[in-house]
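Participant: Below you'll find the structure I mean.
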Amino acid sequence: MINVTDFGAGSLKMKTSSRKISDIARISTTPEKYSKLYSRIVRHYHCRQILELGTSLGINTLYLAKAHKEVRVTTIEGSREIARQAKQMFEDNSIKNIKVLEGNIDEILPSYLEAAEQIDFAFIDANHRLKPTLNYFEQILQKVHNKSIVVLDDIHYSHEMEEAWKVLQTHERVYTTIDLYRCGLVFFNPSLTKQNAVLQY
């Protein structure tokens, strides 16, 4: 059992701050097939600078970190206890290319972005409310380039996340989005057709 600090909308299934690690792993972590997909995307596009908002237990983080040898992952986790569990797993797996930042994303993200040169791949899985999600996206836009990819997780999690996804689809800097139901992929390359695709995965 660990005590979880939650700065976002909270879990629909875990109502208390005291939670079993096994329950977190079962309910809050990214399904394996999606983690494998993100790893393949990072490898295919040779993304190097990775940002993850919402580390959870760090399983998805490991998939990103192992995509290829030049990957550098920065992941931000609000709960100190969850971050501690993730760090231990990274250490147990001898992973050296992950940097964990602990604390409120609202406070940490601006300073991280100020120091970052660029972001090639960003995974947003935190807060799950409309305004914070859009705020994270707008901040990340400072460091994306034409070939960057942003993944928004849980796009159909709630009405607010549905609304956030709709806003991203119509953003002036976004050219193509792909709705995989669990998550949404966002592309910024002007050479792509302006479209919003829905795919079964």
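The values are calculated or read from the model by the stated rules, or taken from the named source; none is laboratory data. These figures come from a predicted structure and were not determined experimentally. A quick note on method: Cβ atoms are made from the backbone with ideal geometry, for glycine too, and the neighbour counts reach across all protein chains shown.
Participant: Which of the residues belonging to region 160-198 are charged (D, E, K, R) and either outside any helix (DSSP H, G or I) or at pLDDT below 95 (or both)?
Facilitator: E172, R173, D179, R182, K194
Participant: Restricting to region 28-40, give me the number of residues that are over 18 Å from I98 (Cα atoms), modelled with pLDDT of 95 or more and surrounded by 16 or more Cβ atoms within 10 Å (Cβ to Cβ).
Facilitator: Number of matching residues: 2.
Participant: Scanning region 42-65 for residues that are assigned to a helix (DSSP H, G or I) and β-branched (V, I, T), which turns out surrounded by the fewest Cβ atoms within 10 Å (Cβ to Cβ)?
Facilitator: If we take residues in region 42-65 being assigned to a helix (DSSP H, G or I) and β-branched (V, I, T), then I59 is surrounded by the fewest Cβ atoms within 10 Å (Cβ to Cβ).
Participant: Would you be able to say whether some residue in region 138-155 is at pLDDT below 95 and within 26 Å of P31 (Cβ to Cβ)?
Facilitator: No.
Participant: Criterion first (within 22 Å of E138 (Cβ to Cβ) and surrounded by fewer than 13 Cβ atoms within 10 Å (Cβ to Cβ)) does E91 satisfy it?
Facilitator: Values: within 22 Å of E138 (Cβ to Cβ): no; surrounded by fewer than 13 Cβ atoms within 10 Å (Cβ to Cβ): yes.
Here the answer is no, as E91 does not meet what is asked.
Per-residue answers, yes or no, for (1) of a type outside the set (A, V, I, L, M, F, W, C); (2) under 26 Å from Y112 (Cβ atoms); (3) surrounded by fewer than 20 Cβ atoms within 10 Å (Cβ to Cβ):
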| residue | (1), (2), (3) |
| --- | --- |
| K147 | yes, yes, yes |
| D153 | yes, yes, no |
| H159 | yes, no, yes |
| L180 | no, no, yes |
| L199 | no, no, yes |
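Participant: From Y157, Y201, Y112, Y136, which residue is assigned to a loop (DSSP other than H, G, I, E, B) and touching a Leu at 6+ places or on another chain (Cβ under 7 Å)? Step through it out loud before you land on a result.
Facilitator: On the way: Y157 fails: touching a Leu at 6+ places or on another chain (Cβ under 7 Å); Y112 fails: assigned to a loop (DSSP other than H, G, I, E, B); Y136 fails: assigned to a loop (DSSP other than H, G, I, E, B).
From the options Y157, Y201, Y112, Y136, the qualifying one is Y201.
Participant: Shifting gears a bit: When region 126-140 is examined, which residues are found to be surrounded by 21 or more Cβ atoms within 10 Å (Cβ to Cβ) and either acidic (D, E) or under 14 Å from D154 (Cα atoms) (or both)?
Facilitator: Answer for region 126-140, where residues must be surrounded by 21 or more Cβ atoms within 10 Å (Cβ to Cβ) and either acidic (D, E) or under 14 Å from D154 (Cα atoms) (or both): A126, N127, H128, T133.
Participant: Moving on. Test L141 against the criterion of being assigned to a strand (DSSP E or B) and either more than 20 Å from S39 (Cα to Cα) or touching a Ser or Thr at 6+ places or on another chain (Cβ under 9 Å) (or both), and give yes or no. Can you show your working first?
Facilitator: Details: assigned to a strand (DSSP E or B): no; either more than 20 Å from S39 (Cα to Cα) or touching a Ser or Thr at 6+ places or on another chain (Cβ under 9 Å) (or both): yes.
The answer is no for L141.
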